[in-house]
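Comments concern the structure below.
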Amino acid sequence: ETGVTQSPTHLIKTRGQQVTLRCSSQSGHNTVSWYQQALGQGPQFIFQYYREEENGRGNFPPRFSGLQFPNYSSELNVNALELDDSALYLCASSYPQGNIQYFGAGTRLSVL
Amino acid sequence: DQQVKQNSPSLSVQEGRISILNCDYTNSMFDYFLWYKKYPAEGPTFLISISSIKDKNEDGRFTVFLNKSAKHLSLHIVPSQPGDSAVYFCAASAVVAGNQFYFGTGTSLTVIP
């Protein structure tokens, strides 16, 4: 069972705009990670949040930012959208120090 | 730099036969490895994992083998079923890196009835 939900499922934005993607973690999970999956590629780690603090970051610029709330839900914000930001954005939750991450179905972002 | 590689983008296997999916990695700090399965329009689903202290882990029809000296792991599915048709991702993590996952590019498995 995953129990991770993401919204919206699809989104279309234009270059330069800002976007917020949302994720609700599986019950009992207090760690959330965000990934970007471009077409034909594997998921690429963006960052991880644990107890509302950023707990690791991949090779993404500062215009990618996030939040985690006391109920462990999370947001991914992307400012100044670029065409290359078009991708599937995946959220995954896990237990603290857990080795297995459980993924949501993702948000498909298209930047025109 | 791609630290986890899946060099076969696709694989076709007859139903009932064995499917073998391969994965190579470059970072010797990786100490935990996972396989995820992904259907279209769904998120990756955890399938099976293995710690670096083991060389084999089995769960029903799925077995993962780890060869640390070769930095290679493989997923065996026996017998393969049409419902196994999906994209399979290999992932690796290191405790010292905060369990950040590094994924391969995936192998699309088609099981032919």
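All of the numbers you see were taken from the coordinates with simple rules; none came from a lab. Keep in mind it's a predicted model, so treat the numbers as computed, not measured. Note that we place each Cβ from the backbone using ideal geometry, even for glycine, and neighbour counts take in every protein chain shown.
Hey, fewest Cβ within 10 Å first, where do B:Glu15, A:Glu53 land in order? Display every interim value, and only then the final one.
Details: B:Glu15 13, A:Glu53 8.
Least to most surrounded, the residues fall as A:Glu53, B:Glu15.
Tell me the net charge near A:Pro61. Cut-off is 12 Å between Cβ atoms, A:Pro61 excluded, with +1 for each Lys or Arg and -1 for each Asp or Glu.
On the way: positive: A:Arg57, A:Arg63; negative: A:Glu82, A:Asp84, A:Asp85.
Here the charged neighbours net out to -1.
Counting alpha carbon pairs within less than 8 Å and at least 6 residues apart, what relative contact order, in whole percent, applies to chain A?
38
Eigenvalues of the Cα gyration tensor times 5, then square-rooted: what semi-axes does that give for the range B:1-81, in whole angstrom, largest first? Display every interim value, and only then the final one.
Values: eigenvalues 89, 47, 33 Å².
Each semi-axis is the square root of five times an eigenvalue, giving 21, 15, 13 Å.
Of all the C-alpha pairs in chain A, what % are more than 18 Å from each other? Don't jump to the answer; show the numbers that get you there.
Working: 2689 of 6216 pairs.
Everything past 18 Å amounts to 43 percent.
Under the rule of at least 5 residues apart or a separate chain, name every residue whose amide H is placed under 5 Å from the amide H of A:Asn55.
For A:Asn55, the qualifying residues are A:Gln48, A:Tyr49, A:Tyr50.
For the range A:25-65, what class follows from the C-alpha gyration tensor (a ≥ b ≥ c being the square roots of its eigenvalues): rounded when a/c is under 1.5, otherwise prolate if a/b is larger than b/c, else oblate? Don't skip to the end; give the middle numbers.
Values: a/c = 3.02, a/b = 1.42, b/c = 2.12.
Since a/c reaches 1.5 but b/c is at least a/b, the shape of the range A:25-65 is classed as oblate.
Quick check: Cα centre of the range A:43-99 to Cα centre of the range B:62-76, how many Å?
29
Looking only at the range B:15-50, which residues have a backbone nitrogen under 19 Å from a spot 7 Å from the Cα of B:Lys68 in the C-beta direction?
B:23-35, B:49-50
For chain B, calculate the relative contact order in percent as a whole number, restricting contacts to Cα pairs under 8 Å that are 6 or more residues apart.
Working: 276 pairs, mean separation 41.9, N = 113.
Rounded, it is 37 percent for chain B.
Which whole number of Å³ per residue matches the convex hull of the alpha-carbon atoms in the protein assembly as shown? Present the calculation step by step, with values, prior to reporting the outcome.
Details: hull volume 26.7 nm³, N = 225.
Cα-based convex hull of the protein assembly as shown, divided per residue, equals 119 Å³.
Amide H neighbours of B:Glu15 under 5 Å, at least 5 residues apart or on other chains, H built in the peptide plane: list them.
Those qualifying (amide H under 5 Å, at least 5 residues apart or on another chain) are B:Ile112.
Let me check I've understood the local charge: for A:Glu75, count other residues with C-beta under 13 angstrom from its C-beta, Lys and Arg +1, Asp and Glu -1. What total comes out?
Numbers: positive: A:Arg22; negative: A:Glu52, A:Glu54.
Computed value for this residue: -1.
With the contact rule set at Cα under 8 Å and sequence spacing of 6 or more, what percent relative contact order holds for the range B:61-113? Before the final figure, lay out each step's value.
Working: 68 pairs, mean separation 16.7, N = 53.
With pairs under 8 Å counted, the relative contact order is 32 percent.
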